[in-house]
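Undergrad: Below: one structure in structure tokens.
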Amino acid sequence: MSDRVALETEPAENATVAGLLARVGQRVRQAREQRNISRRVLSESSGVSPRYLAQLESGAGNISIGLLCKVADALDLRIEWLVGEEDPWTSEALHMAEMYRQAEGPVQAQVRELLLEAAPGGRRAQRICLVGLRGAGKSTLGRLAGAALDVPFVELNREIAEVGGMPVGEIMALYGQEGYRKLEADALDRVIATHDQVILAVGGGIVAEPGTYNRLLAHFNTIWLKAAPEEHMARVRAQGDERPMAGQPEAMAQLKSILQAREALYERAHALLDTSGATLEESLERLLALIAQEHFLG
């Protein structure tokens, strides 16, 4: 039975590989001709032998990724332009991507905002997510804001525990960081699927997972709750958790290091609320005002 499956699938696989090789060869040849570069000159600038280049351009060269990178560099092309299905000389999407890559940061931010707003299933209007380090007040402020606005409040860690069938601490001990992150992504998808209107509080490290964080930004109006490191530490300790204080001053130095490392990621949030030096009542008032000002609930 297995031999029959292999015989049935091999022609399709061979056709796919042949099509890829033919596409790469045609694009290398087209790029070389457009730049008026002889095969000998391309060979010298890329370090790939003329024989390899001839085979490559004919569609018969099973060239390695390393050598193809050299050819792409010599032609001043991105390697994905040579292997992708879209034609780099006619694809509007690829040209837009290249323009985005070369644009200044503020322009890129505007483009991202427009695309996220228009993306199918990417509606953020009725969802809010609070991000920030542990001790930022995400759970406390999120719960109070939800009550004040009559909006459901959800803690992602509780969803993770429900998806995993055990407390988060046990999930970490049993499956490690990788297993936790997978359940975190699954739990986020569940919140998106089941809540059109919600205030969500997430763990501080979610921003370090690019795929999960990008999905969060696409489906939620995100607010970074920011505070001084000393306040983060004091709030966690006030909750009765002495673990962050173990090994002081090393713990404070580590906290500052984490905040510094994640700052650029937290800054991708759609809004910022600095709660440094503010009472709980003041922070809640500012949060509600920010939500109204930014029309985060429509």
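The values are calculated or read from the model by the stated rules, or taken from the named source; none is laboratory data. Predicted, not measured: the structure shown is a model, and the values here were computed from it. We place every Cβ from the backbone using ideal geometry, glycine too, and count neighbours over all the protein chains shown. Just the protein is used for accessible areas: all its heavy atoms, side chains included, with ligands, DNA and RNA removed. Shrake-Rupley method; radii C 1.70, N 1.55, O 1.52, S 1.80 Å.
Undergrad: How far, in degrees from 0 to 90, does helix 229-238 lean away from the longest principal axis of the Cα atoms of the chain, to the nearest 10?
TA: Relative to the chain, helix 229-238 is tipped by roughly 50 degrees.
Undergrad: For the chain, which whole percent of the accessible surface, found with a 1.4 angstrom probe, sits on carbon and sulfur atoms?
TA: The value for the chain is 54 percent carbon and sulfur by accessible area.
Undergrad: Label points 7 Å out from Cα along the Cβ direction at A54 and M96: separation in nm?
TA: Distance between the two pseudo-spin positions: 4.3 nm.
Undergrad: Then there's this: Taking amide hydrogens as modeled 1.01 Å from N in the peptide plane, which residues meet the under 5 Å criterion relative to L272, leaving out close sequence neighbours?
TA: W224
Undergrad: Can you compute 3J(HN,Hα) from phi for each residue in the stretch 34-46, using the Karplus curve 6.51 cos²θ - 1.76 cosθ + 1.60 with θ = phi - 60°, rounded to whole Hz and x for Gly and Pro?
TA: 5, 8, 6, 10, 6, 5, 5, 5, 4, 4, 5, 7, 9
Undergrad: Here's a follow-up. Enter the accessible area per residue of the chain (Å², integer; probe 1.4 Å; all protein chains in place).
TA: 56 Å²
Undergrad: Taking the Cβ of L183 as the centre, find all other residues whose Cβ is under 11 Å away and add up their charges (Lys, Arg: +1; Asp, Glu: -1).
TA: Value of the local net charge: -3.
Undergrad: OK, next. Using the Karplus equation 6.51 cos²θ - 1.76 cosθ + 1.60 (θ = phi - 60°), what ³J(HN,Hα) coupling, rounded to whole Hz, does each residue of the stretch 141-146 give in order, writing x for Gly and Pro?
TA: 5, x, 5, 5, 5, x
Undergrad: Let me ask something else about it. Within straight cross-link reach of K256, meaning Cα distance under 18 Å, which lysines are found once same-chain residues fewer than 8 apart are removed?
TA: In chain and number order, the partners are K226.
Undergrad: Next question. Relative to 2.2 N^0.38 Å, what does the C-alpha radius of gyration of the chain come to as a ratio? Two decimals please.
TA: Against the empirical 2.2 N^0.38 Å value, I get 1.36 for the chain.
Undergrad: Where the centroid of each part is defined by its Cα atoms, how far is the stretch 254-298 from the stretch 169-211 in Å?
TA: Measuring centre to centre over Cα atoms gives 20 Å.
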